[in-house]
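Take a look at the structure below.
The numbers here are math on the coordinates, done by the rules we state, and not lab data. No experiment lies behind these values; they were computed from the predicted model shown. Here the Cβ positions follow ideal geometry from the backbone for every residue, glycine too, while neighbour counts run over all protein chains shown.
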Amino acid sequence: MTFEPLLNAPIAIQVHVAAVVPAALLGAYLLLRPKGTPGHRLLGKIWLCLMVITALSSFFIHQINMFYGFSPIHLLSLYVLFGCWGAIVNARNHNIKAHKRIVRGLYFGGIVGAGIFTFIPGRMMNKIVFTGDEIAPFAVLAAIALVLLWAVSKELWHRRRLT
């Protein structure tokens with residue numbers, strides 16, 4: 001593992017990574033912990049701020065130039081921005097079902113789904129984590145995905161038994 005590619009990257013990429021990494025960790029924690037507590041609300045606000053920073057910083061990253069510097073990934077950034085707004089509005093209106101749906105979509109689509117693609121050979125996160133190895137990224141990503149799916153499904157099944 002080497003952080004050299006990140007340290008030499010444009011500031012927009014550095015800000016993006018600095019926001020998305022804690023958002024990924026905090027989001028997993030929030031999905032697995034009890035909801036509605038004061039701690040959940042505080043950490044949820046922090047998570048949403050990190051997600052907004054992640055989405056906004058992506059508009060200054062133009063490595064995949066398909067249309068005037070933008071690419072389909074920027075549509076995901078718009079989804080994240082509107083999703084963050086929807087998560088806040090639904091939480092304030094006590095529409096918890098919609099809030100949960102939006103937040104899970106933001107996490108699994110905006111972080112996990114998009115994050116998987118950052119480990120493709122040739123991309124920066126691949127260079128940071130897997131210096132030179134082309135097969136290991138897929139094995140590690142598969143393992144991480146399995147652990148995440150197991151943890152989330154275990155939590156969901158546990159909550160369904162409680163209701």
Q) Within a Cβ distance under 15 Å of M51, other residues only, what is the Lys/Arg minus Asp/Glu net charge? A) +2
Q: Compute the long axis of helix 38-58 from its Cα atoms, compare it with the longest principal axis of the Cα atoms of the chain, and write down the angle in degrees, 0 to 90, nearest 10.
A: 30 degrees
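Around G83, what is the net charge, scoring Lys/Arg as +1 and Asp/Glu as -1 over all other residues with Cβ under 14 Å from its Cβ? Don't jump to the answer; show the numbers that get you there.
Working: positive: K100, R101, R104; negative: none.
Within the 14 Å Cβ shell, the charges total +3.
What's the local net charge at F117, with K and R +1, D and E -1, over the other residues with C-beta under 15 Å away?
On the way: positive: R123, K127; negative: none.
Cβ neighbours under 15 Å give a net charge of +2.
Expressed in nm to one decimal, what extension gain is obtained for the pair L78 and V129 from 0.36 nm per residue of sequence separation less their Cα-Cα distance? Can you show the working numbers first?
Numbers: separation 51, 0.36 × 51 = 18.36 nm, distance 2.76 nm.
Separation in residues times 0.36 nm, less the Cα-Cα distance, equals 15.6 nm.
Are there any chymotrypsin sites (Phe, Trp or Tyr not before Pro) in segment 1-60 that are in a DSSP loop and have at most 13 other Cβ atoms within 10 Å? List them by number. Walk me through the intermediate numbers first.
Numbers: sites: F3, Y29, W47, F59, F60; in loops: F3, F59, F60.
Of the chymotrypsin sites (Phe, Trp or Tyr not before Pro), the ones in loops of segment 1-60 whose Cβ has at most 13 other Cβ atoms within 10 Å are F3, F60.
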Q) Pick the calculated P(r) over Cα pairs in 5 Å bins from 0, in percent for this structure from (i) 1, 8, 16, 20, 19, 16, 10, 6, 3, 1, 0; (ii) 2, 8, 14, 15, 16, 15, 12, 9, 5, 3, 2, 0, 0; (iii) 1, 9, 19, 22, 22, 15, 8, 3, 0, 0? A) (i)
Q: Working from Cα positions, state the angle (0 to 90°, nearest 10) between the long axis of helix 136-162 and the longest principal axis of the chain.
A: 10 degrees
Q | Taking the chain and dividing mean pair separation by its residue count, relative contact order in percent (alpha carbons under 8 Å, at least six apart) | A | 25 percent
**Q.** Angle in degrees between helix 96-105 and the longest Cα principal axis of the chain, rounded to the nearest 10
**A.** 20 degrees
